[in-house]
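In what follows, a structure is listed as structure tokens, so that the remarks can point back to it.
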Amino acid sequence: MIEVNDLTKVFKKPIRGNGLSGMVKTLFSRKYDEIRAVDGITFTVPDGEIVGYIGANGAGKSTTIKMMCGILTPTSGTVFIDGVEPYRKRRQVAQHIGVVFGQKTQLWWDIPLVESFKVLKEIYQVSDADYKERMGFLGEVLDITRFLSQPVRTLSLGERMRADLAASMLHNPRILFLDEPTIGMDVLVKEKIRLAIHALNKTYGTAVVLTTHDMTDIENLCSRIILLEKGSVLYDGPLKSLKTRFGNIKTLTLTVPAEIRAETAPVLSPEVAVSEEDSRLILRFDADRIPLEQVVQYAFRDLKAMDMKIAEISIGDVVKTILEQQEAAHAEKV
Amino acid sequence: MLKKYKPFLRAGAIDTTAYRFNILIWAVITVCEVACMVFLWLAVYRSSESGMDSVIHGFTYREMIAYVVLTTIFNFVTYNNDTLWNINTDIKKGTVGNYLIKPISYRGKFAATSLGSLLTMTLMFGVPLYAAALVTLGVLGFLPGLSFPAFFAHLGLFLLSGLCASLLNDTISYIFGILCFYTSSGWGLNSLKVTLISFLSGTLLPIAFFPKGLRDVVNWMPFAGMSQNPVLILMMKYDLKESLRCVALSVAWIVVLELFAKLLFSHAVRKVTVHGG
């Protein structure tokens, strides 16, 4: 179980002057900018849950993860992993967690993959029987058996990421922190990784904290999401409630005759936003406020639609809307 | 618990010999350096009052040449760790995080690597080089202090003090490496470390040649145990009692420095900033 209480991390960044004179000045007197990367976050993750930890770049996701796994020490607030603070009892906590940073590999670059696993086996003191069992499971769900004897540097990005994931799961951690595990992966590898995370969670009851920018990951894996913006929690709750946060938003994509344009089209109601994309019309509206039936009729009758696709709003759109609203609100304040 | 560090010990033992070309270049450079030092000392003795028979600070010119040759071999075999640079790289590339999330001690990892490398170097280069040097210097009469069977006790203490010297060097490297957390750059720190050690360990000049006040201070510092003392133990310039004192001093310093390193690391790690991602 992870308990995060009022967690804050402030980075000090020296302000450097410009040009040569600025450089000399910096050498003698330093002024610091304070950056509140994480600003009073509180949440709890129970055992066996998969949580999507999302937000824009620089929202503080990775910083939180680094504090949860003991790399960074919080400026204030606390993290407890099964009752232990990771930055105080780093080694004790490390034995029970697994971490993958999508941007960096933790495998030894020059030695065959299987040797990396053997080193990890010794570091984590995994017994022979457990090792065999885990390698069987991971070999199957992540499909890594084929390239076990290759040095890590010769692996493709997708292979390397699967290997990194396997490495983080080798010691059967109770909690797995995955920081953008699908970054730069093709659809097939993404699918494999999702299935593996799912299988791990089902088989061993491992809790997973997943950060990603791929909303398909979130929709496929997470029952709960935590949305972060500028170091604060913006939303924490079930995926479903987030989807209906802005009402029952639907979009209709219409194929229309060439003479019908978004600007000149007859207007049904201000509730329906009309836009144009690739010579198709997009209607966006809240189905709780204006009935779908009425909009469909309008599409066929007034817009002379020849074909139509109805879609629910995607989680990506919701997140985008929330972040846009935040940014607009922020811009107004400034 | 120590079993966890076995892979690092093994890696240290194997990686040491990975760069044969480095060792070859080192050999060429070192032979030149030793030759320079030998000629320098010959000039010093020749121009002193009683000429080649003079004894300067307890060293005849023969002993001085033996000292130069043996410290060179000693430094080659004993100082082979890249701890400072590896920490520097870990900090710069952000890979320090990879170790912080593992249930091992960062210090223990480097100590194990360093010991592995010492083991390989001693067996592969130490044994033949020391044997060749001792036999040659002995036959030429450059090692007048040597007497049997007492030599074997000294050899044992020499090996022990060599282990201490290697650990001391690694700990000091580690401490300087951890200072990189604060400076973000290892360049200046490395130069400082190299200069300090080569001067204060008696590699450049035996500590007996230092002015009185400085000499007394340096003799109680950890550096003398990193080069001069082990070699003087081997040459039997120290009696058994003095040799034991040297080893005890080194062990005490290892304990003190390791404790300091531990405190420093726990402070430094709070300052860690792993950027990006």
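The values are calculated or read from the model by the stated rules, or taken from the named source; none is laboratory data. As the structure is a computational prediction, the values presented were derived from the model and not from experiment. No Cβ is skipped: glycine too gets one built from the backbone with ideal geometry, and neighbour counts run over all protein chains shown.
Of all residues in region B:206-228, which are closer than 17 Å to B:TYR238 by Cα and either touching a residue at least 60 places away in the same chain (Cβ under 8 Å) or not in a helix (DSSP H, G or I) (or both)? Selection gives B:PRO206, B:ALA208, B:PHE209, B:TRP220, B:GLY225, B:MET226, B:SER227, B:GLN228. Of the residues examined, A:ILE260 is not one that is outside the structural domain of A:ILE54 (by TED's automatic domain parsing) and at pLDDT 85 or above. Please determine whether any residue of region A:128-150 is without any contact (Cβ under 8 Å) to a residue 24 or more places away in the chain, part of a loop (DSSP other than H, G, I, E, B) and assigned by TED's automatic domain parsing to the domain that holds A:LEU200. No, that holds for no residue. Checked against the criterion of being more than 14 Å from chain A (Cβ to nearest Cβ), part of a loop (DSSP other than H, G, I, E, B) and within 24 Å of B:GLY12 (Cα to Cα), region B:61-80 contains one or more residues that satisfy it.
Of the residues making up region B:18-39, just one is surrounded by 14 or more Cβ atoms within 10 Å (Cβ to Cβ) and farther than 22 Å from B:ALA66 by Cβ, namely B:ILE23.
The selection criterion, being crowded, with 20+ Cβ neighbours inside 10 Å and either under 30 Å from A:MET68 (Cα atoms) or among the aromatic types (Phe, Trp, Tyr) (or both), holds for A:LEU210.
Note on region A:153-229: enclosed strands (runs of 3 or more DSSP E) holding 3 or more residues that are closer than 29 Å to A:LYS240 by Cβ and under 10 Å from the mean Cα position of the chain (by Cα) are A:207-211, A:224-229.
Of all residues in region B:126-159, those satisfying the criterion of being touching a helix residue (DSSP H, G or I) at 6+ places or on another chain (Cβ under 6 Å) and under 15 Å from B:VAL77 (Cα atoms) are B:GLY126, B:LEU129, B:ALA133, B:PHE158.
Could you say which residue among B:SER266, B:SER191, B:SER243 is out of contact with any Gly (no Cβ under 9 Å at 6 or more places or on another chain), at pLDDT 90 or above, under 21 Å from B:THR83 (Cα atoms) and of a type in the set (Gly, Ala, Ser)? Please lay out each step first, then the result.
Working: B:SER266 fails: at pLDDT 90 or above; B:SER243 fails: under 21 Å from B:THR83 (Cα atoms).
After ruling out the rest, the residue left standing is B:SER191.
Of the strands (runs of 3 or more DSSP E) entirely within region A:240-330, those holding at least 3 residues that are in contact (Cβ under 8 Å) with a residue 60 or more places away in the chain occupy A:249-255, A:307-312.
Scan region B:1-10 residue by residue and report those that are at the interface with chain A (Cβ under 8 Å from one of its Cβ atoms) and more than 9 Å from A:ILE123 (Cβ to Cβ).
Scanning region B:1-10 gives B:LYS3, B:LYS6.
If you go through region A:176-185 one residue at a time, how many are hydrophobic (A, V, I, L, M, F, W, C) and surrounded by fewer than 23 Cβ atoms within 10 Å (Cβ to Cβ)? Within region A:176-185, residues that are hydrophobic (A, V, I, L, M, F, W, C) and surrounded by fewer than 23 Cβ atoms within 10 Å (Cβ to Cβ) number 2.
From the list B:GLY12, B:GLY58, B:GLY97, the one residue that fits, being over 20 Å from the mean Cα position of the chain (by Cα) and more than 21 Å from B:PHE209 (Cα to Cα), is B:GLY97. Looking across region B:229-254, the residues that are closer than 16 Å to B:THR71 by Cα and either of a type in the set (Ser, Thr, Tyr) or outside any helix (DSSP H, G or I) (or both) come down to B:MET235, B:MET236, B:LYS237, B:TYR238.
Of the residues screened, A:VAL126 is not one that is buried (at least 18 other Cβ atoms within 10 Å of the Cβ), at the interface with chain B (Cβ under 10 Å from one of its Cβ atoms) and over 29 Å from the mean Cα position of the chain (by Cα). If you go through region A:122-166 and keep only what is farther than 22 Å from A:GLY102 by Cα and hydrophobic (A, V, I, L, M, F, W, C), you end up with A:VAL126, A:ALA129.
Close Cβ contacts (under 7 Å, 6 or more residues apart or on different chains) running from residues in region A:102-117 that are more than 8 Å from chain B (Cβ to nearest Cβ) to residues that are among the aromatic types (Phe, Trp, Tyr) and buried (at least 16 other Cβ atoms within 10 Å of the Cβ) comprise A:LEU113/A:PHE147; A:SER116/A:TRP108.
Look through region A:59-68, keep the residues that are touching a residue at least 12 places away in the same chain (Cβ under 8 Å) and out of contact with any Phe, Trp or Tyr (no Cβ under 6 Å at 6 or more places or on another chain), and return whichever of them is nearest to the other protein chains (Cβ to nearest Cβ). Ranking the candidates gives A:SER62 first. Quickly run through region A:69-101 and pick out the residues that are at the interface with chain B (Cβ under 8 Å from one of its Cβ atoms), within 17 Å of A:ALA167 (Cα to Cα) and of a type in the set (Gly, Ala, Ser). Listed by number, the list holds a single entry, A:ALA94. Among the criteria (1) farther than 18 Å from B:THR95 by Cβ; (2) away from chain B (no Cβ under 14 Å), the one A:ARG153 does not fulfil is (1).
When residues in region A:79-88 are screened for being closer than 18 Å to B:GLY97 by Cβ, in contact (Cβ under 8 Å) with a residue 12 or more places away in the chain and assigned to a loop (DSSP other than H, G, I, E, B), 2 of them pass.
For region A:293-334, the set of residues classified as under 29 Å from A:ASP214 (Cα atoms), surrounded by 12 or more Cβ atoms within 10 Å (Cβ to Cβ) and hydrophobic (A, V, I, L, M, F, W, C) consists of A:MET308, A:ILE310, A:ALA311, A:ILE313, A:ILE315, A:VAL318, A:VAL319, A:ILE322, A:LEU323, listed by residue number. The set of residues in region B:81-112 that are within 19 Å of B:SER161 (Cα to Cα), at pLDDT 90 or above and more than 12 Å from chain A (Cβ to nearest Cβ) contains only B:ALA111. Every listed requirement among (1) more than 14 Å from chain A (Cβ to nearest Cβ); (2) under 30 Å from A:LYS9 (Cβ atoms) is met by B:LYS262 save one, (1).
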